[in-house]
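Notes follow the structure.
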2 protein chains.
Amino acid sequence: MALEHAILVSLLERPGSGYELSRRFERSIGYFWTATHQQIYRVLKRMESDGWIDVREVPQQARPDKKEYSVAARGRAALSEWLHEPIEPESVRHDLAVKIRGAAFDDPSALIREVERHHRAHSDRLAHYLAGERRDFTGPDAPAAPDAGQQLQHVVLRGGIAYERMTLDWLDDVLATLRRLGTAPPSADPAP
Amino acid sequence: MALEHAILVSLLERPGSGYELSRRFERSIGYFWTATHQQIYRVLKRMESDGWIDVREVPQQARPDKKEYSVAARGRAALSEWLHEPIEPESVRHDLAVKIRGAAFDDPSALIREVERHHRAHSDRLAHYLAGERRDFTGPDAPAAPDAGQQLQHVVLRGGIAYERMTLDWLDDVLATLRRLGTAPPSADPAP
DNA sequence: CTTGTTTATGCAACGAGTTGCATAGAAGGA
DNA sequence: TCCTTCTATGCAACTCGTTGCATAAACAAG
């Protein structure tokens, strides 16, 4: 399980409340690890009772109080231990690929709109990543001499950018294939 | 949930037993959807009681009997329905990315071996995909006029190949970054 | 003849992750 | 004034997925 560790990394980069963490999981660290606020609150509670993180009640004006979490020594140790143990290269779960293979037993051209929708979503994500890269790493306001943390964040973001670009190219390939099948007569037997 | 649908697609491509399905999920359809045999047997049972699939007891010599499943009309309908409803573009879960960002708070050069291991694993996978592509689609024994099903399987496989190539390039980038940080003094504060 | 491997199926328990719902104060708009 | 949105936290129930274990027949190796 890596949600604990993702939270540790995020809290080391900057302490924050469960709510703030759930916002970060909608961007930044959320680009490669998703979590809902429910999960985050539950895990935070466990991490606190395990002594991985410390809590500080922060009264606020004009909004509800919050609990600000920060990483304790035991949490740092747990992260370090995890960093040193090997993990399995992750396997992908791509339901769109299942749909594409399934289209052989249905109408392939009916999938075109769906694939176009995915294309737009990935295109938006790419634009979003590129804007973030310009803002934090390559733009005029970016640090001239980035520290280790910034360089590592940047290389992870470059991974996200590469992923989206690859995906967009592939979706173009998928669209071309589906359109080719749409103009030719279907050879796989459709539903009886 | 898409495991049901992945199983439907696989059974439409060729009927088979739970055991055979679990083998297919180690290759082919397993390239983009993973499942253990436990999960498969449980879901098959549910699908059967829902009338999505039919069973046929097949006695075998020299090995235990098996239950061969094939897709029933209701299963075909369920697949068709699923194909026509939109799905969310999937979000990635990349624990290696969490580790890389976490390395800022540990020793970045300690991650090099781990990243190299992932590089080898993805390199093996790419070779495996390319061999499959040559065997089934681009080699001399491949069909000269592939049908819709084969063309769709091929475009999915091309996606896998593109993913592995992109990942290998990115891992090279990661390794270069980690090595650069290893030779320079660390600027993020390490564990106290 | 025992041990290990392959085919083949399954239960039980747990942990991870999702969905629906609930609460509550303050701000801002219709 | 009411309705919605934002911040902030949480419970309960459920589904999904993993891990460990168990069974059983046949074959191959030692």
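The values are calculated or read from the model by the stated rules, or taken from the named source; none is laboratory data. Owing to the predicted nature of the structure, the values given are computational and were not obtained by experimental measurement. FYI the Cβ positions are ideal-geometry reconstructions off the backbone, even for glycines, and counts take in every protein chain you see. For accessibility, only protein heavy atoms count, side chains too; no ligands or nucleic acids. Shrake-Rupley method; radii C 1.70, N 1.55, O 1.52, S 1.80 Å.
General remarks:
- Distance (nanometres) between label positions extended 7 Å along Cα→Cβ at B:Ala142 and A:Ala142: 3.9 nm
- Summing charges over neighbours of B:Leu178, with a neighbour being any other residue whose Cβ is under 14 Å away from its Cβ, gives +1 when K and R count +1 and D and E count -1.
- Residues B:Asp173, A:Asp136, sorted by accessible area with the largest first, give A:Asp136, B:Asp173 [1.4 Å probe; ligands and nucleic acids excluded].
- The ellipsoid that matches the Cα gyration tensor of chain A has semi-axes, each √(5λ) in whole angstrom, of 41, 21, 17, with the longest given first.
- Alpha-carbon centroids, region A:150-183 and region B:27-60: separation in whole Å: 31 Å
- For the segment B:33-40, counting C-beta atoms of other chains within 10 Å of every residue's C-beta and taking the mean gives 2.
- Interface of B with A. Using a 1.4 Å probe and counting protein heavy atoms only, the two chains hide about 7200 Å² of accessible surface, both sides summed.
- For B:Thr138, the solvent-accessible surface with a 1.4 Å probe is about 80 Å², rounded to the nearest 10.
- Distance violations [Cα-Cα > 28 Å] among A:Lys99/B:Lys67; A:Lys45/B:Lys45; A:Lys45/A:Lys99: A:Lys45/B:Lys45; A:Lys45/A:Lys99
- Result for chain B in a Gaussian network model with C-alpha springs under 10 Å: among B:Ile87, B:Ile53, B:Ile100, the largest mean-square fluctuation is at B:Ile87.
- Candidates per GluC sites (Glu not before Pro) in region B:2-89, loop by DSSP, up to 16 other Cβ within 10 Å: B:Glu26
- Cα shape, region A:3-84, gyration tensor, a/c 1.5 rule: oblate
- The other copies place their B:Ala144 label points at 6.7 nm from this one, listed shortest first, where each point is 7 Å from Cα along Cα→Cβ.
- Kirkwood hydrodynamic radius of region B:95-183, from inverse mean 1/r over distinct Cα pairs, in Å: 15.0 Å
- Positive-end residue of B:Leu126, B:Ala142, B:Ala97, charge dipole of region B:95-183 with Cβ unit charges: B:Ala97
- Distances in nm from A:Arg14 to the matching label points in the other copies, shortest first (labels 7 Å along Cα to Cβ): 5.3
- Degrees between helix B:37-49 axis and first principal axis of chain B (Cα, 0 to 90, nearest 10): 40 degrees
- Choice from A:Ala72, A:Ala110, A:Ala127 showing the highest fluctuation, given a GNM over chain A with Cα pairs closer than 10 Å: A:Ala110
- Nearest 10 degrees, 0 to 90: helix B:112-133 Cα axis against chain B principal axis: 30 degrees
- Here A:Pro64 yields copy-to-copy label distances, from shortest upward, of 5.2 nm, the label point defined as 7 Å from Cα along Cα to C-beta.
- Share of alpha-carbon pairs per 20 Å distance bin for the protein assembly as shown, given as whole %: 24, 51, 24, 2
- Simple spin-label estimate for B:Arg23 and A:Arg14 gives 5.3 nm between the two label positions (7 Å along the Cα-to-Cβ direction from each Cα).
- Among B:Tyr69, B:Tyr19, B:Tyr31, the order of accessible area from largest down is B:Tyr19, B:Tyr31, B:Tyr69, computed with a 1.4 Å probe on protein heavy atoms.
- All alpha carbon pair distances within region A:91-133 were sorted into 10 Å bins beginning at 0; the resulting P(r) in whole percents reads 25, 39, 26, 8, 1.
- On the basis of the beta-carbon distance and an R0 of 56 Å, B:Glu81 and A:Gln61 show a calculated FRET efficiency of 0.60.
- Residue-averaged [θ]222 nm for chain B, counting only DSSP H segments that reach four residues, each worth -39500 (n - 2.57): -18500 deg cm²/dmol
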